[in-house]
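Chemist: This structure is in structure tokens; I'll ask about it shortly.
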Amino acid sequence: MKKMLSLAAIFAVLSYASPASAESPASVGSVGLKFSGDAGIRARAEFNSNSLVDDVKYQYKIRLKAAADLGDGYFFNAMAQNEDVAGGWGTVSGVPVSATGVTNNVEKYNLQISNFYFGRTEGSCQYKIGRIPLNSVNNPIFDLAFYAVPTALGIYAVDIPVATYNFDRLFGFNYSTKVGDGDINTTLVVLDNNSTSGNTAATGDGLLNDGYALHLSYKNKLGDVTIEPQALISLTDVQGAVYQKISPNTFGANATIPSGSSKIGISAFYTLCKDSKGVTAAAPLVTANIHYNGYLLRLKGESGPVMAWVDYNHTNDKLANTTYQNVFVWAQYNVKVHQTSTGSANVNVTPTLRYRASGKDIAGATTTPNDQLRGELYATVTF
């Protein structure tokens, strides 16, 4: 209840600026405010190769967005969604109430401030700070950097894990500007606050023992082809889900090739981590020689209502003496049911297929593949 009241208070405070903006758009100190959002309902059928339990579930999701033009180039953006469940998708009767034994539609759907940032645009440059959205669904560098080695819960570098489990945002400071014919984008990211727990007399890591990383990208055109080389560099040791006190570096590029009314996307990224004083999440007090490398390749096609991509991820973890391989396919067809004359709101229905084939090879051991097939039907409204 307190979270909902806080959210309502934020939107209410911002809304007081709207009448002033409407009455005098050019007045000093006026604020232009815009609300938008989207809501979705989906039915999902899920089949897993390592489980005898297949499942059909019904899920729902809503996101509310606010954007404020503060004048003189200053701006503020925020989005609220549910971050209690993966991807923000609540499931009907997904959380039983043990006290009463009742499970029929009693689950809660809380809204939290997911991302927010403010900054300023000046000519061809812009800077902003806050919990900045990543657009990781279309940029797999973050997926490979965070999940090159799968977690014990089965989170892989494929199937948009950063968007699903990290809610597609990180805290940082971003600066972008035009350089030559292209645009350079830099973001200093704060990944963790490890100095409060990791800086001890024994480790002596110093005051700045938090996790910092730098994301660099440069988007440019070569003819009709858009190319965006990137790098995600660890500036200090960072904390991962599997390995900690490590400094992996990831680099590669996205490319977009137009073909009439269609376009083809190609992504290729490589990550490397080699730390002699790293630790594992299972044994955080024992120093280990963390050494892994991996790559992720994506081929994506879009043509009208059809979008599909295929990912291939390969990671070699020398500490665990294990090789991981993942193949993932996403295919969907978007049907526009309704669209306003301005295009500001629409209703879509989207059948989607998601398939992941995952395996690992452990030297001297027999392993079992872990494959997953999901068939989904989305109904989405944007406003």
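Chemist: With Rg and the Kirkwood Rh both taken from Cα atoms, where does Rg over Rh land for segment 262-316?
Modeler: Ratio of gyration radius to Kirkwood radius: 1.28.
Chemist: What residues qualify as long-range amide H neighbours of Thr236, i.e. H under 5 Å apart, gap of 5 or more or another chain, H built at 1.01 Å from N?
Modeler: Hits under the 5 Å cutoff: Tyr212.
Chemist: Estimate the FRET efficiency between Phe173 and Ser36 by the formula 1/(1 + (r/R0)^6), using the beta-carbon distance for r and 25 Å for R0, to the nearest 0.05.
Modeler: That gives a FRET efficiency of 0.50.
Chemist: Within a Cβ distance under 11 Å of Arg42, other residues only, what is the Lys/Arg minus Asp/Glu net charge? Write out the running numbers ahead of the final one.
Modeler: Values: positive: Arg44, Lys57, Lys61, Arg374; negative: Glu376.
So the environment of Arg42 carries a net charge of +3.
Chemist: Oh, and also: Test of understanding: express the Cα radius of gyration of the chain as a ratio to 2.2 N^0.38 Å, with N the residue count. Write down the numbers at each step before the final one.
Modeler: Numbers: Rg = 22.7 Å, N = 383, 2.2 N^0.38 = 21.1 Å.
In units of the 2.2 N^0.38 Å rule of thumb, it is 1.07.
Chemist: How far is the Cα center of segment 228-287 from the Cα center of segment 115-165, in Å?
Modeler: Using only Cα atoms, the two centres lie 12 Å from each other.
Chemist: Same structure, new question: Keeping every protein chain present and rolling a 1.4 Å probe, give me the accessible area per residue for segment 291-383 in Å².
Modeler: Accessible area per residue, segment 291-383: 50 Å².
Chemist: Would you please give the FRET efficiency between Ile257 and Thr340, computed as 1/(1 + (r/R0)^6) with r the Cβ-Cβ distance and R0 = 35 Å, to the nearest 0.05?
Modeler: Here the calculated transfer efficiency is 0.65.
Chemist: Mind jotting down the three principal axis lengths of segment 301-348 based on Cα atoms? Whole angstrom, largest first.
Modeler: Over segment 301-348, Cα extents along the principal axes are 58, 18, 12 Å.
Chemist: For the chain, set up a GNM with springs between Cα atoms under 10 Å and report which of Val137, Val327, Val102 has the largest fluctuation.
Modeler: Judging by the Gaussian network model, the answer is Val102.
Chemist: Continuing with this model, one more query. Per the helix-only calculation at 222 nm, which mean residue ellipticity applies to the chain, given -39500 (n - 2.57) for every DSSP H run of n ≥ 4 and division by its residues, nearest 500 deg cm²/dmol?
Modeler: -2500 deg cm²/dmol
Chemist: How large is ³J(HN,Hα) for each residue in segment 187-193, as worked out from phi by the Karplus curve 6.51 cos²θ - 1.76 cosθ + 1.60 (θ = phi - 60°), to whole Hz, x for Gly and Pro?
Modeler: In residue order, the calculated couplings are 9, 8, 10, 9, 9, 7, 10 Hz.
Chemist: Right, here's the next one. Give the Debye-formula value of log10 I(q)/I(0) at each listed q (0.20 Å⁻¹), with one equal scatterer per alpha carbon of segment 233-383, two decimals each.
Modeler: Calculated log10 I(q)/I(0) at the listed q: -1.22.
Chemist: How fast does segment 299-383 diffuse by Stokes-Einstein, in µm²/s, taking the Kirkwood radius from C-alpha pairs at 4 °C and 1.567 mPa s?
Modeler: Roughly 83 µm²/s, to the nearest whole number.
Chemist: How much net charge surrounds Ala157 when only other residues with a Cβ under 9 Å from its Cβ are counted (Lys, Arg +1; Asp, Glu -1)?
Modeler: With Lys, Arg at +1 and Asp, Glu at -1, the neighbours total -3.
Chemist: Under the rule of at least 5 residues apart or a separate chain, name every residue whose amide H is placed under 5 Å from the amide H of Leu33.
Modeler: Counting only residues 5 or more places away or on other chains, the set is Asp69.
Chemist: So what is Rg over Rh here for segment 63-197, counting just Cα atoms and using Kirkwood for Rh?
Modeler: 1.06
Chemist: Moving on to the next point. If you plug each phi of segment 367-373 into the Karplus form 6.51 cos²θ - 1.76 cosθ + 1.60 with θ = phi - 60°, what whole-Hz ³J(HN,Hα) values come out, in order, with x for Gly and Pro?
Modeler: Karplus-based 3J(HN,Hα) across segment 367-373 equals 10, 10, x, 10, 10, 9, 10 Hz.
Chemist: Multiply the residue gap between Asn105 and Tyr270 by 0.36 nm, knock off their C-alpha separation, and tell me the result in nm, one decimal place.
Modeler: Gain on stretching Asn105 to Tyr270: 55.0 nm.
Chemist: Sticking with the crude label model, points 7 Å out along Cα→Cβ, report the distance from Gln325 to Gln112 in nm, one decimal please.
Modeler: Reported label-point gap for Gln325 and Gln112 is 3.8 nm.
Chemist: Need one number for segment 211-276: average projected area of the convex hull over its C-alpha atoms, nm².
Modeler: 5.5 nm²
The values are calculated or read from the model by the stated rules, or taken from the named source; none is laboratory data. Quantities reported herein were computed from a predicted structural model and do not represent experimental measurements. When we count neighbours, we look across all protein chains shown, and the Cβ atoms used for this are built from the backbone with ideal geometry, even at glycine. Ligands, DNA and RNA are stripped out before the accessible areas are found, and what is left, the full protein with its side chains, is counted by its heavy atoms. Shrake-Rupley method; radii C 1.70, N 1.55, O 1.52, S 1.80 Å.
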